[in-house]
Amino acid sequence: MDLPGPIHDFLLVFLGSGLILGGLGVVLLTNPIYSAFSLGLVFVCISLFYIPSNSHFVAAAQLLIYVGAINVLIIFAVMFMNGSEYYKDFNLWTVGDGVTSVVCTSIFASLITTILDTSWYGIIWTTRSNQIIEKI
């Protein structure tokens with residue numbers, strides 16, 4: 001798909017933000033139904049990432065398999081579970097939540113540091129399959 005540069009960039013930012021928000025919804029939402037719907041958003045955004053790279057069949061297959069089958073199966077299984085079990089011992093913050101947030105924050109900080117410290121100017125991207133994808 002030959003899109004103009006600003007539209008392509010907007011599409012990537014839009015899909016990336018949908019991916020991040022959906023991933024946060026999967027992790028942070030306490031209701032498993034809402035979490036499963038957020039997982040569906042993540043699957044849709046991942047499949048739509050294939051469309052700008054002219055991989056329409058992969059995008060359609062990913063939509064059919066992951067959103068149409070896996071996510072529906074997860075929602076079906078969650079609906080059969082007893083919903084009152086999740087809210088019996090409702091604590092706002094536990095020690096495990098604190099440890100998990102510290103670990104996730106440190107991993108995120110190390111990723112951001114690595115991204116900012118990497119020299120991205122020496123990388124040459126090509127579109128032909130018989131050439132080297134990147135040159136460092």
(message) In whole Hz and in residue order, list the ³J(HN,Hα) couplings for segment 55-65 that follow from phi through the Karplus curve 6.51 cos²θ - 1.76 cosθ + 1.60, θ = phi - 60°; x for Gly and Pro.
(response) 10, 5, 5, 5, 5, 5, 5, 5, 4, 5, 6
(request) Convert each backbone phi in segment 9-20 into a coupling constant with the Karplus relation 6.51 cos²θ - 1.76 cosθ + 1.60 (shift: θ = phi - 60°), then list the ³J(HN,Hα) values in order as whole Hz, x for Gly and Pro. (result) 5, 4, 4, 5, 5, 5, 5, x, 5, x, 5, 5
(message) Assuming 0.36 nm per residue, please report the length gained on full extension of the stretch residue 110 to residue 31 beyond their Cα-Cα distance.
(response) 25.4 nm
(request) Tabulate in residue order the Karplus-calculated ³J(HN,Hα) for segment 22-37, using 6.51 cos²θ - 1.76 cosθ + 1.60 with θ = phi - 60°, rounded to whole Hz; enter x for Gly and Pro. (result) x, x, 5, x, 4, 7, 8, 6, 7, 7, x, 5, 5, 5, 5, 5
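Throughout, read-outs are computed from the coordinates displayed, never taken from laboratory work. The shown structure was predicted, so the numbers you read here are calculated from the model rather than taken from an experiment.
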